[in-house]
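For reference, the structure discussed in these notes is given below.
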Amino acid sequence: MLVACEHCDALHTRVALKPDERATCLRCGGALYRDSLRAYRRLLPLVVTALILLLISNAYPIVAMDLKGSRMETTLWSAVQALYAGDMALVAIIVFATTILFPLAELLMMCYLLVPMAQRRKPPGFDRIVRGILQTRPWGMIEVFMIGVLVTVVKLSTIAQVLPGVALWSFGALVVVLAAILSFDPRELWHHLDAHGADGMPTCSPDPAS
Ligand SMILES: [Zn+2]
């Protein structure tokens, strides 16, 4: 298996690393890859945790609105609908996309890859999904998500009162877990797909072409 240096395009044969070791380019000294087995094993539990947190964030009321004299506690989704109906369609779309759609799409794509991989199977369309994740990553998922949460809190606090409850705290936890998930380079998934033998250890064979 060959690895190209991102900095100078030199080609190297990938070798198995011990935990926490990292490989650097012989020509320019740039970082090539690091041992990601431990990070990879943590990935599926983190993705499942993030999905549960996302569910909790959206199941519990996050704002309280005064409608026709009565105080109503609503979920993020209801708040999005209220924003949309109240001539704030653009804000509603930004809030929906950044706090619900983007994280959900990312987590579902990861689940689609990781669940079969945990059973040593390759899901159909594996390469396309990894490329899909790679293409959405440059958006700076975590920054976009945090801006989304910020916009939500600021915008909603002008028409409603943000509740410091279960939904808000699980959003906070989601930020941390998402950051951990997004620190994993999705290109490493290709390596873990074909690098694991039956014993679960990476079996890197030297490339005969180099
Ligand atoms: Zn290099």
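Can you sort SER78, SER170 by how many other beta carbons sit within 10 Å, fewest first?
Working: SER78 16, SER170 20.
Fewest-to-most Cβ neighbours within 10 Å comes out as SER78, SER170.
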Rounded to the nearest 10 degrees, what's the angle between the helix 76-85 long axis and the longest principal axis of the chain, both from Cα atoms, 0 to 90? 60
What does the convex hull of the Cα atoms come to per residue for the chain, in Å³? 141
Ranked by GNM mean-square fluctuation in the chain (Cα springs under 10 Å), the top entry among GLY29, GLY69, GLY165 is GLY69
By how many degrees, 0 to 90 and rounded to 10, does the Cα axis of helix 126-136 deviate from the longest principal axis of the chain? 60
Spatial separation of Cα centroids for the range 6-26 and the range 81-106, in angstrom: 41
Point-charge dipole on Cβ atoms (K/R +1, D/E -1) for the chain, about Cα centre, debye to 20: 240
If packing is taken as the average number of other Cβ atoms within 10 Å across a peptide's residues, how do 13-21, 52-60 rank, most packed first? 52-60, 13-21
Local electrostatic count, CYS25, Cβ distance below 12 Å [Lys/Arg +1, Asp/Glu -1]: 0
Least to most buried among ASP66, ASP185 (fewest other Cβ within 10 Å first): ASP66, ASP185
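Taken together, the values in this text are just the output of simple stated rules run on the coordinates, not laboratory data. Worth saying up front: this structure is predicted, and the values here are computed from it rather than measured. When we count neighbours, we look across all protein chains shown, and the Cβ atoms used for this are built from the backbone with ideal geometry, even at glycine.
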